[in-house]
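The block underneath contains the structure these notes are about, expressed in structure tokens.
The values are calculated or read from the model by the stated rules, or taken from the named source; none is laboratory data. Here the structure is a predicted model, which is why all the values come from computation and not from measurement. In this analysis, Cβ positions are derived from the backbone assuming ideal geometry, glycine residues included, and neighbour counts consider all displayed protein chains.
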Amino acid sequence: MLILDAIELDLSDVSKELAFLLFIVREDLLEESTFKQYTADLDWKLFVKLVVHHRVFPLVYLKLRGLEPSLIPSNVMESLHHQYNNNTIKMLHLSREMNHICKALRNSGIRTLLLKGPILAIQLYGDLAHRTSKDLDILVPAEDVEKAEEILVQLGYESKDEHVLDNWKKKSHHISFEHMENFAQVEIHWRLNPHFSESFSFDQLWERKNDITLSNQTFHYLGNEDLLYYLTDHGARHGWFRLRWLIDIERLLPKISSGNMKIHFDQYGGQQYAGQAFILLSNLLSTKIPHDLELLTMSSKSQRLAEMALYYIKRIVKLNPVPEKSVALHYNRYLFSLMSGKQKVAYLLNKLHPSSRDAILLPLPKSLHFLYFPLRPFLYFWRRMKRQSV
């Protein structure tokens with residue numbers, strides 16, 4: 001039998017507070033003696049900040065509330081309890097919006113696949129309150145995007161993204177919306193990611209979908225293999241700067257058939273993102289990776305990407321929607337290193353095409369839109385200069 005050497009990452013400079021957080025989410029049972037070793041001279045304020053940043057406060061609160069109260073400062077537990085309660089309310093609110101939106105889209109003949117949000121909390125954690133979600137991510141067929149936008153506007157949502165030029169579907173993969181009164185946020189996707197791939201057409205994803213019935217309404221979400229691909233791709237593109245994304249994958253792994261997943265990767269790609277995630281899971285959370293999938297961790301690219309992602313995991317950084325200045329250069333290099341040769345060519349060619357942001361920066365009549373092509377480099381640097389001056 002093939003024995004794989006464990007891929008070890010350098011975690012020597014991980015802060016004590018982050019090491020404690022990893023210990024909590026990693027261990028099923030928290031032993032008091034080990035617990036005290038981690039909490040000696042702990043910066044509890046920084047610890048709470050890390051818990052919130054990584055969006056794992058529901059899990060941390062549920063773990064810590066079962067311990068002897070004297071082990072945790074009361075203000076820490078109060079803060080985590082407050083975050084937990086607020087998240088429960090928000091997830092219930094998102095669930096209600098999910099019901100309204102999916103029903104309205106279905107009544108208009110639009111098929112929907114839920115990517116994350118409340119459905120993911122139920123599927124992977126068994127309870128709405130045990131996972132956090134900022135918004136709803138809903139995938140629809142590309143030809144139905146405009147119709148879906150009209151329905152959301154009728155429901156009180158306003159688009160946060162301008163799409164002035166006709167090529168907006170090629171330049172992006174989703175539109176963001178926010179409700180004008182209850183401030184719920186929704187993203188309508190027509191591709192799983194920015195990299196266009198015929199392999200993940202909506203019809204193919206629909207054929208492999210999972211279903212769940214809640215409150216007498218049936219919702220559809222990605223099949224297990226497609227979901228693992230999507231979560232590893234999404235986490236990789238965001239540098240895994242939130243531990244929540246890794247924990248999602250850890251929860252999903254028992255639902256995955258290694259054989260089916262291997263066939264899926266062989267057919268559609270994405271092995272390097274999964275390999276990166278598995279290396280991080282093994283090192284940070286001591287997750288046992290299925291043997292057939294463990295082979296993905298042997299890729300030199302996956303190992304290099306995992307080492308690069310530690311830069312964001314070890315720090316409290318903001319990468320979305322725009323990376324903060326201190327990490328922007330590193331992050332741009334990281335994103336480019338994620339891409340295959342074909343994706344790099346497609347990315348560079350796409351950069352040559354004007355975007356709606358160009359039209360917003362310099363409005364021109366439609367008859368002169370062709371001028372955005374030669375003006376593209378100047379508008380790009382103009383936009384960057386404006387952003388840096390803010």
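Couple of notes before you dig in:
- Out of L364, L379, L349, one residue alone is among the hydrophobic types (A, V, I, L, M, F, W, C), modelled with pLDDT of 75 or more and not assigned by TED's automatic domain parsing to the domain that holds E162. It is L364.
- Any hit, the stretch 258-280, residues being modelled with pLDDT of 90 or more and exposed (fewer than 15 other Cβ atoms within 10 Å of the Cβ): no
- Elements of type helices (runs of 4 or more DSSP H) contained in the stretch 181-273, each with 3 or more residues being of a type in the set (D, E, K, R), closer than 16 Å to Q343 by Cβ and in contact (Cβ under 8 Å) with a residue 24 or more places away in the chain: none
- Test: residue in the stretch 60-67 that is under 25 Å from L228 (Cα atoms) and either outside any loop (DSSP other than H, G, I, E, B) or among the aromatic types (F, W, Y) (or both): yes
- Scanning the stretch 153-173 for residues that are in contact with a Leu (Cβ under 9 Å, 6 or more places away or on another chain) and either within 18 Å of R191 (Cβ to Cβ) or among the basic types (K, R) (or both) returns S159, K171, H173.
Every residue, every condition in (1) among the small types (G, A, S); (2) more than 15 Å from the chain's Cα centre (by Cα), yes or no:
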residue	(1), (2)
E225	no, yes
L243	no, no
E250	no, no
G269	yes, yes
Y273	no, no
N283	no, yes
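- Some residue of the stretch 63-81 being closer than 30 Å to S159 by Cα and touching a helix residue (DSSP H, G or I) at 6+ places or on another chain (Cβ under 9 Å): no
- Qualifying residues in the stretch 25-59 (those that are surrounded by fewer than 18 Cβ atoms within 10 Å (Cβ to Cβ), in contact with a Leu (Cβ under 8 Å, 6 or more places away or on another chain) and assigned to a helix (DSSP H, G or I)) - the one modelled with the lowest pLDDT: E32
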